[in-house]
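The values are calculated or read from the model by the stated rules, or taken from the named source; none is laboratory data. The structure displayed is predicted, hence computed values, not measured ones. So basically every Cβ, Gly included, is an ideal-geometry build from the backbone, and we count neighbours across all protein chains shown. Accessible surface is based on the protein model in full, side chains and every heavy atom, while ligands, DNA and RNA are left aside. Shrake-Rupley method; radii C 1.70, N 1.55, O 1.52, S 1.80 Å.
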Amino acid sequence: MLQLIRSPYKTDSICPPINLLALAGYVEPYHPVTITDFVLPLIRGELNLDAAGILRMAQIVLDNPAPVLGFTAMCGSYAAALRIAQECRRLDPGRLIVFGGPHAGFVDRETLESFDFVDVIVSGEGEQTLLDLLNAYAAGDSLHHVPGVTFRDGASIIRNPPRNVIDELDSLPFPAYHLIDNVDAYYENSTDRFLEIEAGRGCPFKCKFCSTSLFFSRKYRVKAPEKLIEEMKWLKEHWNISSFGLIHDNLTVNKAKIFDLCDAFLNSGESFTWYCSSRTDTINKEMMVRMKEAGCRGIFFGVETGSQEMQKNIGKRLKLQSAAQTFRDLMEVGIEATGSFIIGFPDEQLSDLEDTLSMAIELRMIGIRDIQFHPLSALPGTDLLDELEETLIFHPHLLSFQDITSVIDITETEMEWIEKHRKIFSNFYAVPPKNYPLDLVYQTRGCYFYLAHYRPRTLYMIKKLAGISNLSLIGMLVEALPAGYENWTEPQLLKSLADVVEKLPEFCRLFIRDILSYETVFTSVVESTDGANGWGRYKGPKPLYDDDEFILKPVRTLNLNYDILSAIHELERLETTLLPEKPHNLAVVFESEESQLRTLEIDDLTSEIIRRCEDGLSFHECLKQFAWENPYLQNEQDRKDWIGQMYQHFLSARLVIAKAV
């Protein structure tokens, strides 16, 4: 009866389509359901979005005889979903084509008016609406009595009254996980198996730029802890997954429910780890401690702006001083944090943007794992779009750069639709700031998104010691970079920052150069990758196992002119002091058990041994080489004793591990 289709988009974190599985679980007791997921074959390179690829996807859809085709799409992949649906209608006009999800629901009438191959749009929470629609279709009845749908009635477009949200989420059945034939395909290239599952719905706040809170009618609801744990146990047993993202726009609104959830996790006998989203003003240290005990490892926060005036302007209304303390508390408790910021609000002044950049860098100083910068998008369903629709700016080069739209490749067909239908595809348009050039938004995103993550201490020191503002630094970086900002690469960004450091005043240049060298070595030891929702996970290089009794851990050394470790500790307190010179060596070590980096001061000999290992020698061969070069070791026994002493030295410094027998 129903085929649910996830339209193709690019992502670094591929998970099964939990939203479609949830809908299928609700409908399947009454009507047959299948799932078709085009994300996986797109990521694998088995399909693409050219005309031949779209035709192939339509053929895959139509190979299934289900008469009702239900498409879901994010804002960035909406055009791709429409192209597949259009091809399905051309090849088989008899199928009923239904669209759903937040994007479709907010542009329901506009979509039906512009794309005659779409028959019905489901708005709001879709479970009961979709079931009622299928019941009516199966019986040959009209859709006039189905709340929550917009549909065609001859030449007219009818929008029925909205459906109330589901008060009791516990009444919903399990997602239809059995419809995924090969779950291992989603985790072929992953070192850990992670899945997002729905913990609840509805954020009661009224941010002007957010569409999802309105989609769920701003009514906060959470599922019973027992139901969540039952689902997680099933996934652990059948899919070998014990790490979860608890999907909820703002899970921590209700303190009592969070404590109930944590108690249930602690009493379950399971060792789940989990992540969630929150606001800095709906969580306190007491909650953090309990959440950490119950397995919480990371929380995503939308801070949006570091300007108190702009907090009021955009309807977020966070108290920034309290927000900063929330992040400090998280670091003390040991929960990873992501802080997300939006740049380019229409009324934002340059001073507001400077405050946002400063806050983001300061959060990195106190230790939060990840910072995100997103150019503002006027999404369908937001107050922001209602205010700014006529002022939006379209330019093709933004399509490859605007991060909320870069999940698909833009073809000529998409380009034509995007330019013609401003409201339907508003997320592909730029919001022009009133007080500074739009290019500054993209220049900021183009350089600070990377540098704030990988070189934050250098950025902070340039401002604090050299007295150069973030915006002035961006101007200097842009001058050192190639023209344009669409294709800046990581090597270009790092070189431009190094060039800027070399032009700093003499009194602080060498000190900041040492900070930059430290951060460069620090990030070379491991690769930091984004997990779900931007949570970072360290992935250490695997050591080569040979005949050594001991194996050198992943480690790098650097030769410095200043006591950078003391400077780093000061930076965690947002203190900056130009320290006296102190030439010394540091080692940066990746501890694989804890997935953490450790830094320690080492002597010249230890530093040189590590450097030779970096050049390709095994640890044992390196020690043998040094032993033969040492003129004070006169015979084989002396050399053997010296090598044994060096083993003990490296063991005591925790730079090596014993090889498993």
Sort largest first and round to whole Å: the equivalent ellipsoid semi-axes of region 419-535, each the square root of five times a Cα gyration tensor eigenvalue. 30, 19, 12
Set of aspartates and glutamates with alpha-carbon distance to K423 below 15 Å, sequence-local pairs under 8 removed: D108, E110, E113, D383, D386, E387, E389, E390, E414
Around E286, what is the net charge, scoring Lys/Arg as +1 and Asp/Glu as -1 over all other residues with Cβ under 12 Å from its Cβ? +2
When the dipole is taken about the Cα centre of region 357-500, and only Lys, Arg (+1) and Asp, Glu (-1) are charged at their Cβ, what size is it in debye, to the nearest 20? 860 debye
Can you tally the net charge around L459? Count Lys and Arg as +1, Asp and Glu as -1, for every other residue whose Cβ sits under 11 Å from the Cβ of L459. +3
Under a 5 Å amide H to amide H cut-off, with H placed in plane at 1.01 Å, what residues pair with H374 once short-range neighbours are removed? F341, I342, I343
Run down the lysines and flag those whose C-alpha is under 22 Å from the C-alpha of K464, throwing out any fewer than 8 positions away in its chain. K495, K503, K582
Projected onto the charge dipole of the chain (+1 at Lys/Arg Cβ, -1 at Asp/Glu Cβ, origin at the Cα centre), which of T36, A294, Q625 gives the Cα projection farthest towards the positive end? A294
Net charge near V98: determine it from the other residues with C-beta under 13 Å of the C-beta of V98, scoring Lys and Arg +1 and Asp and Glu -1. 0
Using a 1.4 angstrom probe, figure out how much accessible area the chain has per residue, in square angstrom, rounded to the nearest whole. 42 Å²
Given the candidates G339, A452, N48, the one whose Cα lies deepest towards the positive end of the charge dipole of the chain, counting +1 at each Lys or Arg C-beta and -1 at each Asp or Glu C-beta, is G339
In whole Å, what is the distance between the alpha-carbon centres of region 18-69 and region 327-346? 36 Å
Based on alpha-carbon centroids, what's the gap between region 573-604 and region 267-326 in Å, whole number please? 29 Å
In percent, what relative contact order does the chain have, based on Cα pairs under 8 Å that are 6 or more apart in sequence? 9 percent
Could you tell me which of I418, P437, V253 has its Cα farthest along the dipole of the chain towards the positive end, charges placed at Cβ (Lys, Arg +1; Asp, Glu -1), taken about the Cα centre? V253
Of the listed pairs K285/K463; K285/K553; K219/K255; K10/K255; K206/K285; K285/K319, those with alpha carbons more than 27 Å apart are K285/K463; K285/K553; K10/K255
Cysteines of the chain without any disulfide-compatible partner (other Cys Cβ under 4.7 Å) are C15, C75, C88, C203, C262, C276, C296, C447, C508, C613, C622
Translational D (Stokes-Einstein, µm²/s) of the chain at 37 °C and 0.692 mPa s when Rh comes from the Kirkwood sum over C-alpha pairs? 119 µm²/s
Amide H of E196 versus every other amide H placed in the peptide plane: which residues, excluding those fewer than 5 positions away on the same chain, fall under 5 Å? G245
If each DSSP helix of 4+ residues adds -39,500 (n - 2.57) and the sum is divided by the residues in the chain, what number results at 222 nm, nearest 500 deg cm²/dmol? -13000 deg cm²/dmol
On a straight-distance basis, which aspartates and glutamates could pair with K236 in a cross-link, Cα separation under 12 angstrom, same-chain partners fewer than 8 positions away excluded? E270
Under a crude label model (7 Å from the Cα following the beta-carbon direction), how far is H238 from E46 in nanometres? 2.2 nm
Calculate I(q)/I(0) for region 1-148 by the Debye formula, one identical point scatterer on each C-alpha and no solvent, and give its log10 at q = 0.16, 0.17 Å⁻¹ to two decimals. -0.83, -0.94
